[in-house]
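**Q** Here it is, the structure, as structure tokens.
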Amino acid sequence: MLVKGGDALEFNAITDATLLATAKRICANLGKPEAKFISLTEVTDADRIFAGTTLNGDGVIVPESAVDDPMRQVIRDIATCTGTVPDRSGKLGVDLPRSEAFFAACEAFDAWIQKAEAGAANILPLGSATLRGGGRRAGDPVQGERLLRALPAGGVRPARPGAFESSRGGVPHRGGSET
């Protein structure tokens, strides 16, 4: 490919289909969907290229990136319990350490509930009223139990193998089977 020198490349000079599609996507992400060329400055400004996208490669998942309402709610629950970090666009979301902390807390809560149910006579002398304890506060076991009930019956599996470093491979739903 022989092109005229300069810091911009016209789309009609790009013969590779993948490279052309990439150049057009970059321009569209930068708010220039009708552009006929791309400049070196545009290609090298990764923050601006990905700022308007929901999956922008920064490792932060925002609720808007979820494909359905249940997944959006899980992201919001993680954010409520562990806090948020800004993504490349400035939107608040959760990252891997926050997600891992959330699911570790769910697993610990599940183990606590199972232990309580196994020794209910000694640990839960008032039955389910013991869990309520007279008032509901943020972070109390009743709130955690609500989150656990929202998990699928087969448990939660990490998006990538080994992500949660759990020997069980996920967080089983209370009463669900371990895998």
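**Q** Given the condition among the basic types (Lys, Arg), assigned to a loop (DSSP other than H, G, I, E, B), at pLDDT below 75 and surrounded by 12 or more Cβ atoms within 10 Å (Cβ to Cβ), answer yes or no: does some residue in the range 143-158 qualify?
**A** Yes: the range 143-158 contains one or more residues that are among the basic types (Lys, Arg), assigned to a loop (DSSP other than H, G, I, E, B), at pLDDT below 75 and surrounded by 12 or more Cβ atoms within 10 Å (Cβ to Cβ).
**Q** Answer yes or no: is there a residue in the range 105-116 that is at pLDDT 85 or above and closer than 29 Å to Asn56 by Cβ.
**A** Yes, the range 105-116 contains a residue that is at pLDDT 85 or above and closer than 29 Å to Asn56 by Cβ.
**Q** Residue check: is Ile61 touching a Ser or Thr at 6+ places or on another chain (Cβ under 9 Å), crowded, with 17+ Cβ neighbours inside 10 Å, among the β-branched types (Val, Ile, Thr) and under 26 Å from Arg25 (Cβ atoms)?
**A** yes
**Q** Taking Gln114 and the conditions (1) more than 26 Å from the chain's Cα centre (by Cα); (2) free of Cβ contacts under 8 Å to residues at least 60 places away in the same chain; (3) surrounded by fewer than 15 Cβ atoms within 10 Å (Cβ to Cβ), which numbered condition does it fall short on, given that it satisfies the others?
**A** (2)
**Q** Here is a follow-up. I need the full set of residues from the range 78-94 which are touching a Ser or Thr at 6+ places or on another chain (Cβ under 9 Å), modelled with pLDDT of 90 or more and surrounded by 15 or more Cβ atoms within 10 Å (Cβ to Cβ), in order please.
**A** If the condition is that a residue be touching a Ser or Thr at 6+ places or on another chain (Cβ under 9 Å), modelled with pLDDT of 90 or more and surrounded by 15 or more Cβ atoms within 10 Å (Cβ to Cβ), then Ile78, Thr82, Gly93, Val94 are the ones that fit.
**Q** Conditions: (1) closer than 30 Å to Ala104 by Cα; (2) modelled with pLDDT of 80 or more; (3) surrounded by fewer than 17 Cβ atoms within 10 Å (Cβ to Cβ). Ile75 meets all but one. Number of the miss?
**A** (3)
**Q** Taking Ala51, is it under 30 Å from Ala8 (Cα atoms) and at pLDDT 75 or above?
**A** no
The values are calculated or read from the model by the stated rules, or taken from the named source; none is laboratory data. Just so you know, these numbers come straight off a predicted model, no measurement behind them. Cβ atoms come from the backbone with ideal geometry, glycine included; neighbour counts cover every protein chain shown.
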